[in-house]
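Single-structure report; data block below.
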Amino acid sequence: MSEGRPPTAVVGWTAVALVLRLGLIGRGLPVLDRLFIPDDTWYTLSIARNLAAGLGPTADGLVLTSGFQPLLAWLQVPLFWCLPSPEAVVLATLVILSCADAAVAGLLGWLAAGAAGVRAGWAAAALWALSPFGVAHALGGLETSLALALSLALVLAWTGARSLRGWAGVGLLCGLCLLARIDTALLVGGLGLCALAQRRWAPLATAVAVALVVVAPWWGWCWAVLGSPVPESGPAVLAIVAGHRSEWLTTTTALAWATGNVVGAPSFDAVGLRGWLDLREGLAWVAAAGTGVALLGGGAWVARQAGQARVALLALTAHGAALFAFYGLHLQAVWFFRRYLAPTQVLATLVLAVAWARLGPGLAARAVLAVALTFGAMRIGLLAIVTPAGSFDAGHDGIKGYLGPAAQVWEALPGDAVVGGLQTGALSWTAPAGARVVNLDGVVDGASAQAFAEGSLARLARSRGVTHLADWTLNLEDIRDRWGEPLVLSSLEEVPLPGPLAPMPMRVVALPP
C-alpha cells in the first residue's frame, strides 16, 4: 500500500478539500476570526512574531515560555520576515494549515484504500474533505491539522519502511510529530513498542536516534531554561480545570463532551447529545464506555484487514482511544475537546469508511454515506456565505472572534498600560508599542501558573507592574477568587464579546496604584 500510489479518486477528493479550505480563506480575516479562530491562535502568532524579532519564545517579549506547540510557530517565523503585514502572516498560516488538512484527507483515503479497497479510500477522503471538523481545524490557525497530517504520514512511512534509510524517515516524522503536538507521543511510543515486540533492533535504533536529533534542541532548551521539557501550558490548564471542578465542570460533563465530539465525526457536531448526556450521569458513563469500545473494536477490525499496515493501524487505534480516555478522565478542558480529540475523529472516519465499503453497494449503505456527505457539504456551504455578527460557535467549544474586542480594549486604555488577564492571546497580538500584557492563568508564563494555583495573583501582578485587568466577566471572577487580597472589579469600559457570551462582556478594570 504505502509503496504504491493513492487511488485517483483519493487524489481528487484531496484537491476538493484544498479548494474548499482555500476558498473560505478568501472571506477575509474579520470573518474568519469570528467563524474559526480561538484566542490560543494569537498566543502562537505572538510567540512566532517575537521569535522572528530575536526575542526568543515569549508571548509578551519578556517572559520565556514553552507553553505552545513549537513546530507551527517555527514555520510562521519566516512568514514574518517575508510578508508585508501581520494580517498576511495570519492568512498565510491558514493556507499552510489548509494544505495540511487536505493532506489529511488524502492520507486517510490512502490508508482506507489499503485496508478495504478503492471504495473505502474515496469514502474516507470524501468524508474528511467535506468535514466541518476538518475545516474548523484548518482555519482555526492552531497546530491540529499539521499534527494530524504528520501522524498519518508517520503511519504510512512506518508501514513502508524497508531499509535503514526508510527508518531514518520514520524517525524524522516521529520527531516532527512530537514538535507538532506533544500528545502524539502516545502514537510515537506505541509504534516504538510495536518495533520492540517485533525485535526490529536496528530499525528502531535508527528511528530513535533521528527522532532525538530532531527534538533534542527544543527539549534541551526547555530543560535548561525552564526546568522541564513538558510544555508549561499543560499544568496550567490542569489548574484551570481544577478551579472549574468546584463550579460547573464534572467528570460527567467531560465524558459527555468527549462522547459528543466523537460520535458525530466527521460530519455531525453532536452538541445536543453532549448537553443531554451531561444531565444524565449514568448514561454519560455508558455512552463514553461504548464509544471507547467502539473505537478500539472498530480500529482493530480495520487493522486486521490492512495487511502490512496492520500493526501501524493498531498503534493509530490505540492512540485515538487513549486520547479519548486521557482527556475525558484527566485533562478535562472541554473547551478544547474539538481539537484535542481530532485524532479520534480521524480514527472514527477511517472506521466508518471501511465499514461502508464492506457493507457493499446496498441502498442503505449508500444512503448513510450520502447523508453524511450532504450534511458536511451544506455546513461548509453555510460557512461560505454566513457573515456572523458574533462568534459562530456556541458553548464550551471556545468563543471565537477575540480580535475585534481586543482592539477595542486597547482603545480604552492608555498607551503605556500593562494589562493582565486569563485569556490574553488576542490582547498580546494587538498590543500597541509601549504597552504590555501579562498572562495570569500561566499557559504562557510559568510564574503566573504558580501564582494562579496558589491564589496569589495580586503579588505577581504588582511584581509585573500590572495597571489594568481586561477579560470577560467570568474570567475576572476567577481572577478575583485567586487574587489573594480584596479586589474591586469596577469596570472602566465594557466591550461586547461576540456570540453566546455577549451578555457577559469583556471588561476593563483599573487596579489601585
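Please treat every number below as a calculation from the coordinates, not as lab data. Predicted, not measured: the structure shown is a model, and the values here were computed from it. Every residue, glycine as well, gets a Cβ built from its backbone with ideal geometry; the counts of neighbours run over all protein chains shown.
Structural remarks
- Given their separation in residues at 0.36 nm each and the Cα-Cα distance between them, S456 and M378 gain 23.2 nm when the chain is fully extended.
- For the chain, averaging the sequence separation of C-alpha pairs within contact (under 8 Å, six or more residues apart) and dividing by the residue count gives a relative contact order of 18 percent.
- Gain on full stretching of the segment that runs from A209 to L283 - 0.36 nm per residue minus C-alpha separation: 22.0 nm
- Virtual paramagnetic centre 7 Å along Cα→Cβ of R245, amide N under 17 Å, in the range 328-361: 328-335
- Across the range 273-393, C-alpha contacts under 8 Å between residues 6 or more apart give a mean separation that, scaled by the residue count, equals a relative contact order of 18 percent.
- Sequence-separation-based contact order of the range 46-194, relative, with Cα cut under 8 Å and 6+ spacing, percent: 20 percent
- Remark: the range 287-299, residue by residue, has Karplus-estimated 3J(HN,Hα) of 5, 5, 4, x, 5, x, 5, 5, 5, 5, x, x, x Hz, where x stands for each Gly or Pro and the curve is 6.51 cos²θ - 1.76 cosθ + 1.60 at θ = phi - 60°.
- FRET E, pair A364, V118, Förster distance 30 Å, beta-carbon r, rounded to 0.05: 0.90
- Exposed loop sites were defined as trypsin sites (Lys or Arg not before Pro) in DSSP loop states (anything but H, G, I, E or B) carrying at most 12 other C-beta atoms within 10 Å; in the chain the longest segment without such a site runs 200-513.
- Additional length obtainable on full extension of the chain from E411 to S463, 0.36 nm per residue less Cα span: 16.2 nm
- Estimated translational diffusion coefficient (Stokes-Einstein, Kirkwood radius over Cα pairs, 10 °C, 1.306 mPa s) of the range 125-167: 133 µm² per second.
- Amide H contacts of M506 (H built 1.01 Å from N, under 5 Å, at least 5 apart or other chain): V495, L497
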